[in-house]
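The values are calculated or read from the model by the stated rules, or taken from the named source; none is laboratory data. Everything numeric here is computed off the predicted structure, so don't read it as measured data. When we count neighbours, we look across all protein chains shown, and the Cβ atoms used for this are built from the backbone with ideal geometry, even at glycine. With ligands, DNA and RNA removed, areas are computed over all heavy atoms of the protein, side chains included. Shrake-Rupley method; radii C 1.70, N 1.55, O 1.52, S 1.80 Å.
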Amino acid sequence: PATLARSAPGTVPIDFAGGGALTMRTRSLRRSKLQVIEVDYADHGGGANATFPRLDDTYLVGVRYRAEESRTSVREEMFDYGSPAGHTHFLYVSGVDYVELNTPSHTLELILPRAFMQEVAEDLEVCGRIELGNAACFIRPDPVVPRMANLVRPYLDDPAALDPLSADSFMWSLGVYVLRRYGDLRDRRTVTGGLTTSQERLAKEWIEAT
């Protein structure tokens with residue numbers, strides 16, 4: 001849009017089109033391989049808008065807590081970014097040209113770098129470059145991701161309560177689920193089910209630690 005207010009270098013350009021009374025607030029959690037960012041665009045009584053980092057070769061898996069109207073451009077392709085509450089978006093944030101927020105928005109963004117997705121794929125003995133879906137942005141009424149997001153959301157209030165082993169175990173479970181459902185990942189191990197190699201290692205580390 002012509003009125004787009006460019007964000008600082010290294011951040012995602014966001015057009016806050018919902019009105020001057022609305023501002024964006026963020027809070028984040030990082031523990032080992034887990035990184036979560038909560039984004040709340042609403043009437044916070046004024047103040048400056050927060051920024052969102054432009055991450056390298058990374059997808060966002062985001063749960064919508066509010067219905068919203070928005071759109072985004074990724075590599076010069078426009079996507080309708082709005083959805084009902086409870087839906088999950090999958091966005092290649094590294095390729096985002098800008099995001100336009102037209103209504104209040106409240107999401108929990110689970111950060112999924114491609115390097116981590118490749119680790120998961122290799123752990124399942126799958127070769128080749130991993131992609132999510134057939135587009136750089138898509139939204140689904142996913143039955144699992146919102147429940148998983150709600151498991152880590154409380155730790156935004158108390159990050160120290162989340163130990164690194166639990167954080168890594170969560171990320172491996174999320175990665176395996178998302179890649180199997182949306183990444184066309186097929187487990188080529190001769191014996192399927194149970195723990196992956198990395199999950200087994202994490203389990204042993206947890207037993208030793210306790």
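Restricting segment 49-75 to residues that are among the charged types (D, E, K, R) and under 13 Å from Ile14 (Cα atoms), which is modelled with the lowest pLDDT? Full working, then the answer.
Residues of segment 49-75 that are among the charged types (D, E, K, R), as a first pass: 54, 56-57, 64, 66, 68-69, 71, 75.
With the extra rule that they be under 13 Å from Ile14 (Cα atoms), the set shrinks to 54, 71.
Values: Arg54: 87, Arg71: 94.
Restricting to residues being among the charged types (D, E, K, R) and under 13 Å from Ile14 (Cα atoms), the top hit is Arg54.
Within the set of pairs 6 or more residues apart or between chains, which connect a residue that is over 23 Å from Ile111 (Cβ atoms) inside segment 38-53 to a residue that is open to solvent by 70 Å² or more (accessible area, probe 1.4 Å) and modelled with pLDDT of 90 or more with Cβ atoms less than 9 Å apart?
So the pair list comes out as His44/Arg25; Gly47/Arg25.
Given Arg188, Arg180, which one is more than 20 Å from Val93 (Cα to Cα), open to solvent by 70 Å² or more (accessible area, probe 1.4 Å), in contact with an Asp or Glu (Cβ under 6 Å, 6 or more places away or on another chain) and modelled with pLDDT under 95?
On the way: Arg180 fails: in contact with an Asp or Glu (Cβ under 6 Å, 6 or more places away or on another chain).
Checking each option against the conditions leaves just Arg188.
Kindly provide the set of residues from segment 12-55 that are more than 26 Å from Asp158 (Cβ to Cβ), open to solvent by less than 30 Å² (accessible area, probe 1.4 Å) and assigned to a strand (DSSP E or B), ordered by number.
Once the filter is applied, which keeps residues that are more than 26 Å from Asp158 (Cβ to Cβ), open to solvent by less than 30 Å² (accessible area, probe 1.4 Å) and assigned to a strand (DSSP E or B), segment 12-55 yields Ile14, Asp15.
Being aromatic (Phe, Trp, Tyr) and surrounded by fewer than 17 Cβ atoms within 10 Å (Cβ to Cβ) is the requirement here; does Phe138 meet it? Write out each step before concluding.
Values: aromatic (Phe, Trp, Tyr): yes; surrounded by fewer than 17 Cβ atoms within 10 Å (Cβ to Cβ): yes.
Answer is yes for this residue.
Contact list please: Cβ distance under 6 Å, first residue in segment 100-120 and farther than 17 Å from Pro154 by Cα and open to solvent by 30 Å² or more (accessible area, probe 1.4 Å), second residue among the polar types (S, T, N, Q) and assigned to a strand (DSSP E or B), pairs at least six apart or on different chains.
Hits for this filter: Asn102/Ser70; Pro113/Thr58.
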